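Let me begin by presenting the structure, written as structure tokens, before commenting on it.
No value in this document is a laboratory result; all are computed from the given coordinates. The structure presented is a predicted model; accordingly, all values stated were derived computationally and were not measured. Every residue, glycine as well, gets a Cβ built from its backbone with ideal geometry; the counts of neighbours run over all protein chains shown.
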Amino acid sequence: MDRWQIAAIALAVGLLAASLFFRPPATPPPPLSAPSEKVFQPPASAADGREPRSPVVEDARPSAEQRAVTLSNDAVKIRVSNLGGRVEGIELLNYRATVARDSGPVELVTAISRGAMFLFLGPEPLRSLEAVPYTVVSKGQREVELRADHDGITVTRRIELDESGYGGQMTVAIANASSGPVQAKLNLVFYGQERPATAPDHFPHYSLAASVDGAVKRVPVQGVGSTGFVGSLLGRGPPTGTSYPPPTEWAGIDSQYFLVSAVPQNPPDASAFLGPLGTDAGEAALSLQPVDVPSGAPFERTYRLYFGPKVEEAVVAVDPRLEQAIAAGWAFVRPLVAGFGSLLHWTHEHIVPNYGVAIILLTILVRLLTFPLTQRSMKSMKKFSLIAPQMKEIQEKHADDREKLQEELMKLYRQKGMNPLAAMGGGCVPMIIQMPVMIALYFALQTSIDLRHAPFALWIRDLSAPEDFFSVAGVPIRLLPLLMGGSMLLQQRLSPAPNADPQQRQMMTLMSVMFTFMFYQFPAGLVLYWFVSNLLGIAQQLLVNRAPSPATT
């Protein structure tokens, strides 16, 4: 019985640990490395009045002809440079940069010297038309058309935002009026740089991402170019990145709550590359197959763009394939994740406008739904604890004869009118049944952008981030995880044990400590759920313990 329970608990811990991204606070990023020959580093822009966050190479000084064009709709504002149509700024108008209400909109561009994305055209003579000043042919509130020509070759770039929402479209057209063919080898590159933990543009779980043949590949931006501790011991060189063959449905940069990406016109012709541009900076590239454009022939390709939150309705409205970017857990728990997320939102909108209180109400609801299972488990454990001394005596008496040991235990169960399977059915099975609920709640609270910058009470001002009660010598003291660990330990102490094995008690205590360390980096919303759930479990256990002991005849 005890082995089954220990295995179930260990499995739960393993599943939670597998979902945990335990990261220390990011250190200030080093300068971006000098670009390789295949990657152009656009100049830093002063259009927004800010200094570049990373040094730029000497030959990348801003041109006198450089200027930026601003496009916007009801949800997004982007800045497009006339130097090759580089997207150098992306603001989400409906989301704040920090928890402060006057912080302004969130800016998704983190590698200022490179911008958010840039489209490379291919080898010469198209290479000469990549970063030159383009002429603004037409400009509206939501669209801009840029054009440049050289030696009979004209390149037109058009970027357009949707009328509303977070989608857009980018089109590149090549008109070849030269005497021979040119090769178009389009390579759309997204840039990301890990920012300090205290910076407004620090995004949790910031990653290079691509969907390759239906599977999402991710490379964390933090340490993307570092050998790592194990690699340094083995003498390995810095990572060089990973290439993925076609088909590629989309590629870009994503974080816990936001996504910047592009969907190619023809995914079977698209490949992907995720790789470093420095210790904490990287690129995600979406490359199309080379195409020879004969003299006098036109060439055009289109990308569907997305700049916005990882909200299912928003991404699906732009392109259904982008739904894969939302890490809503394994397939078997996704319906529960969606249900819990919707329930949280509905509670906030219709019952109480506080997501912390909504989480508490959801916790109570989950406890009520699982009450029959947990009640059966607690009663079963109490019933078996009554015969624990007799079980221990039999185990000591027949420690060297396993067959006799099982025979005497079964005899004891029959004498007391107890089902030997009840221990497993009362203790282990309810845990396994509740495990999908716990996992689904984890993903629902982890992926719900509604919790971003959502306050609860007192010092908890952001349920999507670890809470900070105060700090000692720069070390954050977080009260909620400590209370959660203490409540977990108290609940274990109140639970009657079928035997008095001190090793099992020590293991349970160690598990409480381990959970406290794990939850120390979890968002406050998830810790709040677990803490309230523990308090409700303690109350239920006290009621079971005070009830008359079940008869064992």
Which ³J(HN,Hα) values in Hz, rounded to whole numbers, follow from the phi angles of the range 212-226 under the Karplus curve 6.51 cos²θ - 1.76 cosθ + 1.60, where θ = phi - 60° and Gly and Pro get x? 10, 6, x, 10, 7, 9, 10, 10, x, 5, 5, x, 4, x, 8
Neighbourhood charge, 11 Å Cβ-Cβ cut-off, centred on A175 and excluding it, Lys, Arg +1 and Asp, Glu -1: -1
Search the structure for amide H atoms under 5 Å from the amide H of R478, placed 1.01 Å from N in the peptide plane, and list their residues when 5 or more places away or on another chain. F469
Note down the net charge around A327, summing +1 for each Lys or Arg and -1 for each Asp or Glu among other residues with Cβ under 10 Å from its Cβ. +1
First measure r as the distance between the Cβ atoms of K411 and Q492, then evaluate 1/(1 + (r/R0)^6) with R0 = 30 Å and state the FRET efficiency to the nearest 0.05. 0.45
Whole-Hz Karplus couplings 3J(HN,Hα) for the range 298-309, θ = phi - 60° and coefficients 6.51, -1.76, 1.60, Gly and Pro as x, run x, 8, 8, 9, 10, 10, 8, 10, 9, 10, x, x
If neighbour count is taken as other Cβ atoms inside 10 Å, put M514, M378 in order from fewest to most. M514, M378
For L259, which sequence-distant residues (separation of 5 or more, or a different chain) have an amide H within less than 5 Å of its own amide H, given hydrogens modelled in the peptide plane? G308, K310
Hey, which lysines would be in cross-link range of K379, C-alpha to C-alpha under 18 Å, not counting anything within fewer than 8 residues on its own chain? K416
The answer for the net charge of residues other than A215 whose Cβ lies under 14 angstrom from its Cβ, with Lys and Arg +1 and Asp and Glu -1, is 0
Tell me which residues come under 5 Å, amide H to amide H, from T98 once H is placed; ignore anything under 5 positions away on its chain. S103
Quick one: of K77/K139; K139/K185; K185/K217; K77/K185; K139/K217, which pairs are farther than 25 Å apart, Cα to Cα? K139/K185; K77/K185; K139/K217
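Highest first, please rank the peptides 361-374, 186-199 by the mean number of other Cβ atoms sitting within 10 Å of their residues. Intermediate values should be presented prior to the final figure.
Details: 361-374: 15.4, 186-199: 21.3.
Highest mean packing first, the order is 186-199, 361-374.
Taking neighbour Cβ counts within 10 Å as the exposure measure, how do R402, R321 sort from fewest upward? Please list the in-between numbers first.
On the way: R402 9, R321 17.
Ranked by crowding around the Cβ, least crowded first: R402, R321.
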Taking the Cα centre of each part, how many Å lie between the range 90-163 and the range 303-347? 27 Å
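Using only Cα atoms, figure out Rg for the range 31-327 and give it as a multiple of 2.2 N^0.38 Å.
Working: Rg = 18.4 Å, N = 297, 2.2 N^0.38 = 19.1 Å.
Here the Cα radius of gyration is 0.96 times the empirical estimate.
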Using θ = phi - 60° and the Karplus relation 6.51 cos²θ - 1.76 cosθ + 1.60, list the HN-Hα couplings for the range 77-93 in order, rounded to whole Hz, with x at every Gly or Pro. 10, 10, 10, 10, 7, 6, 7, x, x, 5, 7, 9, x, 9, 10, 9, 6
